[in-house]
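First comes the structure, then the notes that go with it.
The values are calculated or read from the model by the stated rules, or taken from the named source; none is laboratory data. Please read all numbers here as calculations on a predicted model, not as lab measurements. Positions of Cβ are generated from backbone atoms using ideal geometry, with glycine treated the same way; all protein chains shown enter the neighbour counts.
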């Protein structure tokens, strides 16, 4: 008896019958739900692939970045992690930093001694050994570029999620609209015919209810996919924000000229003193050479007058 009741459902006879008895308005509703389902599954498949690649390459990128203490290490090693959102942020910041190091450099003296202080970390040693740095203005420009890149990567991760949220929220309501519309027409037809029998009502009600079924079939996969993907995107975005803060901090520590103004003045004075000293030595050498030439030429001139 149970198999007798399940066999029409398993054979899709119920759905087929409901679709055949649906009103034109109900079929229009189902067509709209089919289009929404097509867009929804397209986003689910492409977004799942994108997030899988992003998680895989982000893990590799963070491992490579943690292995180097130089903010420019990955770029100078020509390593690429194209699927990682953090790598895209990193390479934008590294390119901007490289531009300012080449076009707006600040040259400072190296503070590294022959025997480095064991109490200083490796990052401190690199910072003290860096003789080409950038100004605070250049650093602010680098931060702006990285903020723009972080926003762009976050938007790329969230792209298309509006379709899934629309399918979750709108699918059941669109199906319910078709159902209510179909039931309304069924009762209107019964009232016009003047006969209210189960045989007369069943086809119309079945054709109306299939809209709700299709609406739920659209919304349920979209709901599970949306919740899973939103959690993954939130995790990737938080990692991206954390990496951005850490990266700009490393750039400031190693490549930004943060010396006090007194040290700048002292170094400028020393540089100016060295230049003046070199100029004085050159001038003295020339004066001595000129005197010697005059002294060497004086006896000859005196003999000529004799």
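Results, tabulated for the structure shown:
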{"read-out": "Residue tally, condition over 18 Å from residue 99 (Cα atoms) and part of a loop (DSSP other than H, G, I, E, B), over the range 243-259", "value": "2"}
{"read-out": "The range 68-80 - residue that is assigned to a loop (DSSP other than H, G, I, E, B) and touching a helix residue (DSSP H, G or I) at 6+ places or on another chain (Cβ under 8 Å) and, of those, nearest to residue 231 (Cα to Cα)", "value": "80"}
{"read-out": "Index of the failed condition, residue 304 passing every other in (1) at pLDDT below 90; (2) assigned by TED's automatic domain parsing to the domain that holds residue 187", "value": "(2)"}
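Residue-wise test of (1) surrounded by fewer than 18 Cβ atoms within 10 Å (Cβ to Cβ); (2) out of contact with any strand residue (DSSP E or B) (no Cβ under 7 Å at 6 or more places or on another chain); (3) over 16 Å from residue 160 (Cα atoms).
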{"residue": "32", "(1), (2), (3)": "no, yes, yes"}
{"residue": "38", "(1), (2), (3)": "yes, yes, no"}
{"residue": "47", "(1), (2), (3)": "no, yes, no"}
{"residue": "55", "(1), (2), (3)": "yes, yes, yes"}
{"residue": "69", "(1), (2), (3)": "yes, yes, yes"}
{"residue": "74", "(1), (2), (3)": "no, yes, yes"}
